[in-house]
1. Is one or more of the residues making up region 46-68 in contact with a Ser or Thr (Cβ under 7 Å, 6 or more places away or on another chain), aliphatic (A, V, I, L, M) and either modelled with pLDDT under 95 or within 14 Å of the ligand (Cβ to nearest atom) (or both)?
2. Can you pull out every residue in region 47-84 that is assigned to a helix (DSSP H, G or I) and either of a type in the set (Lys, Arg) or at positive phi (or both)?
3. Kindly check whether there is at least one residue in region 21-30 that is part of a loop (DSSP other than H, G, I, E, B), in contact (Cβ under 8 Å) with a residue 60 or more places away in the chain and within 17 Å of the chain's Cα centre (by Cα).
4. Are any of the residues in region 165-182 modelled with pLDDT of 95 or more, surrounded by fewer than 21 Cβ atoms within 10 Å (Cβ to Cβ) and in a loop (DSSP other than H, G, I, E, B)?
5. In region 135-149, is there at least one residue being closer than 21 Å to Gln174 by Cβ, more than 13 Å from the ligand (Cβ to nearest atom) and either part of a helix (DSSP H, G or I) or over 15 Å from the mean Cα position of the chain (by Cα) (or both)?
6. Could you tell me which numbered condition Pro45 fails, if it satisfies all but one of (1) touching a Gly at 6+ places or on another chain (Cβ under 8 Å); (2) touching a residue at least 40 places away in the same chain (Cβ under 8 Å)?
Amino acid sequence: MSGRMRIAVMASGSGSNFQAIADAVRAGAIGGSLELLICDKPSAPVVERARREGIEAFAFSPRSYAAKADYELEMVQRLQERRIDLVVLAGYMRIVSNVLLEPFAGRLINIHPSLLPAFPGMNAIGQALDSGVKWTGVTVHFVDNGMDTGPIIAQQPVPLFAGDTVESAAERIQQAEHKLLPEVVQAFCEGRVTLNGRRAVML
Ligand code: GRF
């Protein structure tokens, strides 16, 4: 790839991972540019974070489109217009379809708060606590058609302690997320992530 990698983030909520990427770009720890936020909840705090950072936000209500394919097509158009190289799903609470997956194959990654394939889907931290595991963690993976099923790029274990609540565990897990996700994005910027079948490698 020639020039700096152009990055977009998709998010639905608080946007602390969006913030971690924005901070890392500003600090030079990510050698790319953060060009666009896509958010399916116009009132989500992440939209305000983008405004504060001076990053363009496309915030839309899925309800105002006839079908999912329609807003995903608009996303693709906006991503392509801005020549986005890497799309990071960071708390984007929808399954993406082939409309988005195909044009961005191999360039779409997601962060999930468990050591996948354990505890995919919603409430991953609550699932881990309820199951009694002593370690959970964070996974960054390529996105495919399934729910948190794509090839795994990087993982970071995080301990669970007796007496943990979803909130106390989430705090520890988010700290790990805010470190791991910028590291993976930077690895992309440096061409250190490859994919061969199910096996992703981050050098
Ligand atoms: C993170 O825990 C991420 O793993 C999950 O959604 C959460 C988003 O948090 N996919 P934030 O909006 O980045 O603070």
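The values are calculated or read from the model by the stated rules, or taken from the named source; none is laboratory data. Bear in mind that the values here come from a model prediction, so they are computed numbers and not experimental data. We place every Cβ from the backbone using ideal geometry, glycine too, and count neighbours over all the protein chains shown.
1. yes
2. Arg49, Arg51, Arg52, Arg63, Lys68, Arg78
3. yes
4. yes
5. Looking through region 135-149, at least one residue is closer than 21 Å to Gln174 by Cβ, more than 13 Å from the ligand (Cβ to nearest atom) and either part of a helix (DSSP H, G or I) or over 15 Å from the mean Cα position of the chain (by Cα) (or both).
6. (2)
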